[in-house]
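Below is one structure, written out as structure tokens; comments come after it.
The values are calculated or read from the model by the stated rules, or taken from the named source; none is laboratory data. Since we're looking at a predicted model, the values are computed, not measured. Reconstructed Cβ throughout: ideal geometry from the backbone, glycine too, with neighbour counts over all protein chains shown. The protein model used for the area step is the full one, side chains on, heavy atoms only, and it has no ligands, DNA or RNA in it. Shrake-Rupley method; radii C 1.70, N 1.55, O 1.52, S 1.80 Å.
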Amino acid sequence: MEYIAAYHTDVGISKKTNQDSLAIKIVNTKDGVVAFGIVCDGMGGLSKGELASKEVIMSFCNWFDNQFVDSVENGTFDENQLVTQWNDIVQSENKRLGAFGEENHLMLGTTLSAILMYKEQYYIVHVGDSRIYELANTVTQLTNDQTFIAREIAAGRMTEEQAKTDPRRSVLLQCVGASQIVEPEFTKGTIQRNAVYMLCSDGFRHQISNEEIMEKIGPAASTDEEKMKFGAIYLTELVKNRKESDNISVALIRTI
């Protein structure tokens with residue numbers, strides 16, 4: 001499998017700092033090309049959200065550069081070990097950020113959505129309401145929002161239309177750093193060729209439709225990195241014009 005990638009992040013129209021953080025890594029290994037993408041959204045309204053998101057990004061990138069690459073080179077990669085390593089990172093960061101917050105009398109936290117694309121499989125770890133999508137023939141959401149309104153919709157106590165305007169739509173059930181207990185969601189699937197895997201903070205997706213996403217950054221539009229970057233910027237500006245108030249971030253990995 002081969003990959004091309006692009007990303008874009010923007011502070012948005014109303015916030016003074018960008019609390020989103022992201023990273024994309026594509027490396028050659030003896031098992032072929034491997035891709036890794038991650039998006040973290042520092043908690044809006046919580047002090048030092050940008051610190052929390054960057055800390056989690058750095059921990060996962062350090063894992064990728066060292067533990068994961070070593071396991072591939074040594075032929076010791078194991079799916080169960082992957083889940084254990086990812087969970088260890090999440091639990092460690094949750095405790096570390098929580099302790100930092102207590103010591104400094106502040107609250108900080110972050111969402112986490114990351115995807116590893118290795119051989120023919122993708123592996124996802126997810127906490128919060130950032131999202132990962134697969135853009136192929138259709139738009140498929142690969143993560144589940146861990147939010148109050150997502151829980152209410154699933155229970156039949158709220159409709160999708162009601163959720164759009166509910167003042168509690170940003171309330172998370174858990175995040176890394178500000179939750180006593182964090183239980184990450186782990187997902188595995190088969191990578192599709194000629195598809196785009198999109199990671200985004202919630203600010204990117206609120207004001208645009210699946211049709212607009214497919215038109216500007218779907219497989220037909222994302223034929224090279226320049227076009228992918230253009231599409232990401234175009235949609236970001238569209239979101240800003242529609243008065244989205246949050247930070248806006250999107251990372252794109254296209255399979256070839």
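Here are the numbers for this structure:
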| quantity | calculated |
| --- | --- |
| Normalised contact order of segment 140-256, rounded percent, pairs of Cα under 8 Å and 6 or more residues apart | 27 |
| The chain - charge dipole about Cα centre, Lys and Arg +1 at Cβ, Asp and Glu -1, debye rounded to 20 | 480 |
| Relative pair counts by distance (%), Cα atoms of segment 1-109, 10 Å bins | 13, 38, 31, 16, 3 |
| Segment Arg242-Thr29, length gained on full extension (0.36 nm per residue, minus Cα span) | 72.4 nm |
| Largest-first ellipsoid semi-axes for segment 11-71, taking √(5λ) over the Cα gyration tensor eigenvalues, angstrom | 29, 12, 6 |
| The chain: radius of gyration and largest Cα-Cα distance (Dmax), Å | 17.6, 52 |
| Ser209-Gln81 pseudo-label distance in nm [points 7 Å out on the Cα-to-Cβ vector] | 4.8 |
| Neighbourhood net charge (13 Å Cβ-Cβ; Lys/Arg +1, Asp/Glu -1) for Thr255 | 0 |
| Alpha carbon centroid spacing (whole Å) that separates segment 68-106 from segment 185-202 | 21 |
| Cα-projected label distance for Lys16 with Ile256, points at 7 Å along beta-carbon direction, nm | 4.4 |
| For the chain, accessible area per residue (1.4 Å probe, heavy atoms of protein chains only), Å² | 46 |
| Under 19 Å from the Cα of Lys30 - lysines, other chains or at least 8 residues apart | Lys119 |
| For segment 22-37 and segment 109-164, distance of Cα centres in Å | 22 |
| Where chymotrypsin sites (Phe, Trp or Tyr not before Pro) fall in DSSP loop in segment 1-71, at most 10 other Cβ within 10 Å | none |
| Kyte-Doolittle mean at least -0.5 and Cα axial length at least 20 Å: DSSP H helices in the chain | 49-63, 225-241 |
| Total lysine pairs whose alpha carbons fall under 25 Å of each other in segment 136-256 (8 or more apart, or interchain) | 11 |
| Zero-based 5 Å bins, Cα pair distances in segment 128-256, whole percents | 2, 10, 18, 21, 19, 16, 10, 4, 1 |
